Amino acid sequence: MYTVALTGGIGSGKSTVSAIFDQLGAAVVDADVVSRELMRSGQPALRQVAQRFGEDLLDEQGVLNRALLRQRVFADTVQRRHLEAIMHPLIRDAMWRQVKQADAPYVVLVVPLLYEHQADYPTHRVLLVDVPEAIQRSRVKRRDQLDDVGVDRVLASQSQRDQRLQIADDVIHNTTTLADLQVEVARLHQRYLRLADVALIERETQG
Ligand code: ATP
């Protein structure tokens, strides 16, 4: 299966871009979606999280209070690393299982922390959605109703823009309109279809 890892900082436009790829016919496997599935009531991962971070994170139905978990771990690097250590291998394994089952010309894996976990996502290509920090700030503040301190905290917890640029094969500069973004993603879709075809022909002629 031909694979493209899609990454970018918070609020850069990953979900918007992956929704366009999905509409165009690529399969999308999103780490945030998989993480939410793993944290559904009754899932073993949720049990581990409650044991480590407090049973009061779950209501009577066993449903996770996400805002409380975020509050508890986000301000504290050690706690955040503990949460990542529990969740990351489970998310990675579930994502690759979904890739194997995908029925599409290629798969887009949405991995926000790709720079931090490159070895776990050996994809054919890396696509970065890039925005200058000023745009990133204003879009995240508007979307999540955060103040500057809240945005600072999230930005400090992620890799830096230049680190992400280092690992990218393709870059979308998401600085203009959603209409422009649509055109750019459609162009990349055509390119990935061609590359996936070439990879398939190479495999068939070798094997
Ligand atoms: P997160 O890292 O939090 O998951 P994300 O990278 O998935 O965020 P999106 O949710 O796709 O980012 O985009 C962030 C916000 O910016 C959303 O409200 C989205 O509608 C808006 N947005 C994305 N691209 C554009 C654009 N080109 N023009 C205007 N608004 C945009």
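Can you work out D for the range 104-179 in µm² s⁻¹ from Stokes-Einstein, where Rh is the Kirkwood radius over C-alpha pairs, the temperature is 10 °C and the viscosity is 1.306 mPa s? Don't jump to the answer; show the numbers that get you there.
Details: Rh = 14.0 Å.
Answer, rounded: 114 µm²/s.
For the chain, what is the calculated [θ] at 222 nm in deg cm²/dmol (nearest 500), taking -39500 (n - 2.57) for each run of four or more DSSP H residues and dividing by its residue count?
That calculation yields -18500 deg cm²/dmol at 222 nm.
Cα centroids of the range 32-63 and the range 145-162: how far apart, whole angstrom?
The range 32-63 and the range 145-162 have Cα centres separated by 25 Å.
Based on the Cβ-Cβ distance of Q51 and E204, what FRET efficiency does E = 1/(1 + (r/R0)^6) give at R0 = 30 Å, to the nearest 0.05?
Result of the calculation: an efficiency of 0.05.
Can you tell me which of T123, T16, T177 moves the most in a GNM of the chain? Springs connect C-alpha atoms under 10 Å apart.
Fluctuation is largest for T177.
Rounded to the nearest 0.05, what FRET efficiency do R191 and K100 give with R0 = 25 Å and r taken as the Cβ-Cβ distance? Could you check?
Between R191 and K100 the formula returns 0.60.
With a ≥ b ≥ c taken as the square roots of the eigenvalues of the C-alpha gyration tensor of the chain, please select rounded if a/c is under 1.5 and otherwise prolate if a/b is larger than b/c or oblate if it is not?
Taking the square roots of the gyration eigenvalues as a ≥ b ≥ c, the chain is oblate.
Each reported figure results from applying straightforward, stated rules to the coordinates on display, with no laboratory input. Since the model is a prediction, treat every value here as computed from it, not as a measurement. Cβ coordinates were reconstructed from backbone atoms using ideal geometry, including for glycine residues, and neighbour counts include every protein chain displayed.
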